[in-house]
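Undergrad: Sharing a structure, written as structure tokens. Questions coming.
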Amino acid sequence: MSAYRKPLPTDDPLMAPFWQNAKARRLSVQSCRDCGDKHFPPGPVCPKCLSEDQEWEPVSGRAALVSWVRFHRAYWDGFVGEVPYDVCLVALEEGPLLVSNFSGPVPDDPKAGTPLEVVFEDVTDTVALPKFRIVA
Amino acid sequence: MSMQGLKNKIAVVGVGTTDYGNFPEIDDYGLAARAFRNAVEDCGIDKNRIDGLLCCRIPFYARMGEILGLDPRWTLQMPAHGRMSGMAIIEAMLALETGAAEYVALLYANIGRSRRVNYGGEELAGIWDPWGFTSPGAAHAMMFRMHMERFGTTTRQLGEVSVAFRHHASLHPDAVMKKPITLDDHAAARPIVEPLRLLDYCLINDGAVCIILTTAERARDLRKPPVLISGVGARDAFSRSAISNFDPDFWYSETREAGEAAYRMAGVGPSDIDALMCYDNFSPTVLFSLEGLGFCKRGEAGAFVEGGRLRIDGALPTNTDGGHLSNSYMQGWALNVEAVRQLRGECGERQVKDCEVVQYVAATPCTRSVIYTRG
């Protein structure tokens with residue numbers, strides 16, 4: 001898998017737990033130990049109460065489709081052989097929005113609200129990308 | 001003092017633009033200097049009286065001041081983001097009202113065409129890159145599909161926006177893209193990030209803009225009849241900016257709030273607007289803006305723009321210079337200049353008849369609206 005040429009996660013320390021959890025097949029979002037607010041992407045403090053006491057909490061992996069687009073332009077060389085490819089926007093059952101890709105069969109024009117569930121695709125030895133499969 | 005109290009107190013007295021295109025032989029400072037010289041000439045001011053300098057998308061304000069031979073009392077640098085023009089104008093109003101400066105020059109330059117700016121990929125690294133999601137265009141495509149599903153809006157209705165603005169560009173000698181297009185051309189254009197196609201995207205071109213502001217009182221001594229800033233409104237949307245340039249509610253409440261504040265301050269409403277200058281980074285933004293400002297009901301902007309309503313000869317002449325889609329990607333700055341030129345009656349073939357009230361709006365994570373009237 002060393003030939004993987006698409007963008008990989010940066011070494012942003014705030015995001016490290018997300019990727020560690022993903023490698024362990026767990027989807028997670030940042031959660032505030034003080035007020036319980038769940039948010040993604042992560043921040044150094046809770047956007048609701050400003051507490052620094054944050055943890056990463058596994059979520060169900062269930063989500064609903066919000067929207068999707070089809071890229072015909074490759075903004076990175078690693079995507080040149082992939083176009084056109086789809087990117088979806090999903091709302092986790094727990095609230096936060098996530099940008100991701102579909103996994104598995106997708107109808108021609110998937111509609112908002114379509115139920116989804118997370119799957120993990122290993123793209124390198126250390127990175128697993130959470131993607132979403134349409135629930136039959 | 002309140003913002004409402006600034007009604008008609010600040011005037012635009014000079015505007016200057018450069019040619020628009022691909023200019024590898026000159027840099028952003030050089031283009032900005034040309035725009036500045038043109039704006040100084042436009043208002044007939046001694047440039048050394050300018051004691052306020054605002055630079056946007058220009059690398060270094062001090063170098064800009066050095067080039068222009070200016071030692072201001074008030075200087076402000078704004079980032080290269082597209083949404084800054086309305087913000088900058090409001091900042092300058094406050095500086096003028098408080099006396100921090102007496103004459104402010106706002107300068108903007110863009111060299112994105114000659115320097116091959118992509119607006120995506122490695123130059124805009126973000127957390128969604130591993131899934132291949134990048135670029136403001138993709139964020140607007142994501143929003144537009146939601147608008148389509150929620151309200152039944154069609155890409156053909158989006159085409160109405162592109163076709164109307166191209167028509168205006170065909171009447172505008174400075175515009176980059178003058179060849180008229182049809183709805184079928186729009187539908188047949190190559191897809192970039194679907195549901196958006198090439199003609200839904202703004203241009204990327206080089207150029208610069210300068211706007212000179214002062215108080216309405218001082219404006220009387222200058223060359224051109226002043227254009228007054230009668231209303232402004234503002235609201236940011238940062239708390240749900242997880243995806244940059246995207247909002248699942250199309251900045252509806254922000255646009256509504258900014259619009260209402262501007263209308264209230266100016267004492268006008270949507271039906272009084274003779275021409276609209278609408279930030280059109282991508283064609284869907286125009287539909288979102290029309291709904292937020294109340295030109296039509298929520299969800300009805302697609303039907304509203306049909307039949308050429310945004311054309312100069314339509315009910316709501318919009319982006320009469322051709323906008324970002326067909327005139328020039330001056331990120332809102334040229335639209336504010338066009339508002340001024342329309343109110344002065346300087347627009348030749350694309351002049352809106354009896355033009356007395358012009359509104360600028362940018363529906364973005366920093367939504368701003370400015371209402372201009374004849375002095």
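What follows is calculated from the coordinates using simple rules that are stated; it is not laboratory data. Remember, predicted model here, so these are calculated numbers, not experimental data. With ideal geometry, Cβ positions are generated from the backbone for all residues, glycine too; neighbour counts draw on all protein chains shown.
Undergrad: Highest GNM mean-square fluctuation, chain B, Cα pairs closer than 10 Å: which of B:TRP131, B:TRP74, B:TRP251?
TA: Maximum fluctuation in the GNM of chain B, among the listed residues, is at B:TRP131.
Undergrad: If you build a Gaussian network model of chain A, linking Cα atoms that sit under 10 Å apart, which residue out of A:LEU92, A:LEU65, A:LEU50 swings the most?
TA: Top of the fluctuation ranking is A:LEU50.
Undergrad: Given 5 Å bins starting at zero, what is the percent of C-alpha pairs of segment B:217-375 in each, up to the one with the largest pair distance?
TA: Using 5 Å bins, I get a P(r) of 2, 10, 19, 23, 22, 14, 6, 3, 2, 0 for segment B:217-375.
Undergrad: OK, next. Under unit Cβ charges (Lys, Arg +1; Asp, Glu -1), what dipole magnitude, rounded to 20 debye, does segment A:16-134 have relative to its Cα centre? If you can, show how the numbers build up before the last one.
TA: Values: 12 positive and 17 negative charges, 38 e Å.
About 180 debye.
Undergrad: Another question, if that's okay. Rank B:ALA95, B:ALA363, B:ALA262 by mean-square fluctuation in a GNM of chain B with C-alpha springs under 10 angstrom and give only the top-ranked residue.
TA: Result for chain B, Cα springs under 10 Å: B:ALA95 fluctuates most.
Undergrad: In addition: What are the ³J(HN,Hα) couplings of segment A:95-108, residue after residue, when phi is run through the Karplus curve with 6.51, -1.76, 1.60 and θ = phi - 60°? Round to Hz, x for glycine and proline.
TA: Coupling constants for segment A:95-108: x, x, 8, 9, 8, 7, 10, 6, 10, x, x, 10, x, 4 Hz.
Undergrad: Here is a follow-up. Along Cα→Cβ, 7 Å out, is where each label goes; now give me the distance between the ones at A:LEU8 and B:ASN48 in nm to one decimal.
TA: Those two pseudo-labels are separated by 6.1 nm.
Undergrad: Can you give me the Cα centroid spacing of segment B:106-130 and segment A:97-130 in angstrom?
TA: Cα centroid to Cα centroid, the span is 28 Å.
Undergrad: What average number of partner chain Cβ atoms lie no more than 10 Å from the Cβ of the residues making up B:187-194?
TA: 4
Undergrad: Oh, and also: Over the C-alpha atoms of the protein assembly as shown, what are the Rg and the largest Cα-to-Cα span, Dmax, in Å?
TA: 23.6, 73
Undergrad: Mind giving me the FRET efficiency for A:ARG25 and B:ASP354? R0 is 41 Å, r the Cβ-Cβ distance, nearest 0.05 is fine.
TA: The formula returns an efficiency of 0.05 here.
Undergrad: Say R0 is 56 Å: what FRET efficiency, to the nearest 0.05, do B:ASP19 and A:ASP37 get from their beta-carbon distance?
TA: Working from the Cβ atoms, E equals 0.65.
Undergrad: Sticking with the crude label model, points 7 Å out along Cα→Cβ, report the distance from B:THR154 to A:VAL45 in nm, one decimal please.
TA: 5.1
Undergrad: Continuing with the same structure: Give or take rounding to whole Å, what are the principal axis extents of the alpha carbon atoms in chain B, in descending order?
TA: Ordered largest first, chain B gives principal extents of 53, 43, 41 Å.
Undergrad: What FRET efficiency would be calculated for the residue pair B:ALA125, B:GLU300, taking the C-beta separation as r and a Förster radius of 35 Å, to the nearest 0.05?
TA: 0.40
Undergrad: How big is the charge dipole of the protein assembly as shown about its Cα centre, in debye rounded to the nearest 20, if each Lys and Arg gets +1 on its Cβ and each Asp and Glu gets -1 on its Cβ? Walk me through the numbers before you get to the answer.
TA: Numbers: 53 positive and 64 negative charges, 139 e Å.
Dipole of the protein assembly as shown, to the nearest 20 debye: 660 debye.
Undergrad: Filter A:LYS111/B:LYS297; B:LYS7/B:LYS178; B:LYS7/B:LYS224; B:LYS7/B:LYS353; B:LYS178/B:LYS297; B:LYS7/B:LYS297 down to the pairs with a C-alpha to C-alpha distance above 30 Å, please.
TA: B:LYS7/B:LYS178; B:LYS178/B:LYS297
Undergrad: How are the Cα pair distances of segment A:2-59 distributed, in percent, across 5 Å bins from 0?
TA: Taking all Cα pairs of segment A:2-59, the binned fractions are 4, 19, 25, 21, 15, 8, 4, 3, 1 percent.
Undergrad: Another question about this same structure. Using 0.36 nm per residue of separation minus the Cα-Cα distance, give me the extension gain between B:ASP71 and B:ALA187 in nm, one decimal.
TA: So the chain would gain 36.6 nm between B:ASP71 and B:ALA187.
Undergrad: Give me the one-decimal nm value for the distance between modelled label points at B:ASP221 and A:GLU82, 7 Å along each residue's Cα-to-Cβ direction.
TA: It is 6.2 nm.
Undergrad: Can you return the lysines within cross-link range of A:LYS38? Criterion is Cα-Cα under 16 Å, with same-chain partners fewer than 8 residues away left out.
TA: A:LYS48
Undergrad: Still on this structure, I have one more. If you average the sequence gap of Cα pairs under 8 Å that are 6 or more apart and divide by the length of segment A:16-134, what percent do you get for the contact order? List each step's numbers first, then the result.
TA: Numbers: 237 pairs, mean separation 29.0, N = 119.
Relative CO of segment A:16-134 lands at 24 percent.
Undergrad: So which trypsin sites (Lys or Arg not before Pro) in segment B:5-36 are both in a DSSP loop and have at most 16 other Cβ atoms within 10 Å of their Cβ?
TA: B:LYS9
Undergrad: Among all cysteines in chain A, which have no other cysteine Cβ under 4.7 Å from their own Cβ?
TA: Taking the Cβ cut-off of 4.7 Å, the unpaired cysteines of chain A are A:CYS88.
Undergrad: Quick check: residue separation of A:THR124 and A:ALA64 times 0.36 nm, minus the Cα distance between them. What number comes out in nm? Numbers along the way, then the final one.
TA: Working: separation 60, 0.36 × 60 = 21.60 nm, distance 2.73 nm.
Extending this stretch completely gives an extra 18.9 nm.
Undergrad: A:THR126: net charge of surrounding residues, Cβ under 13 Å, Lys/Arg +1, Asp/Glu -1, itself excluded?
TA: Values: positive: A:LYS23; negative: A:ASP11, A:ASP122, A:ASP125.
For residues surrounding A:THR126, the net value is -2.
Undergrad: Could you give the size of the charge dipole of segment B:317-375 about its Cα centre, using +1 on the Cβ of each K and R and -1 on the Cβ of each D and E, expressed in debye and rounded to the nearest 20?
TA: Computed about the Cα centre, the dipole is about 120 debye.
Undergrad: Further question on the same structure: Percent of Cα-Cα pairs per 10 Å bin, from 0 to the last occupied bin, for segment A:16-134, please list those.
TA: 13, 38, 34, 13, 2
Undergrad: Chymotrypsin sites (Phe, Trp or Tyr not before Pro), restricted to segment A:1-57: which are DSSP loop and have at most 15 other Cβ atoms within 10 Å? Please report the intermediate quantities before stating the final value.
TA: Working: sites: A:TYR4, A:PHE18, A:TRP19, A:TRP56; in loops: A:TYR4.
Sites meeting the loop and neighbour criteria: A:TYR4.
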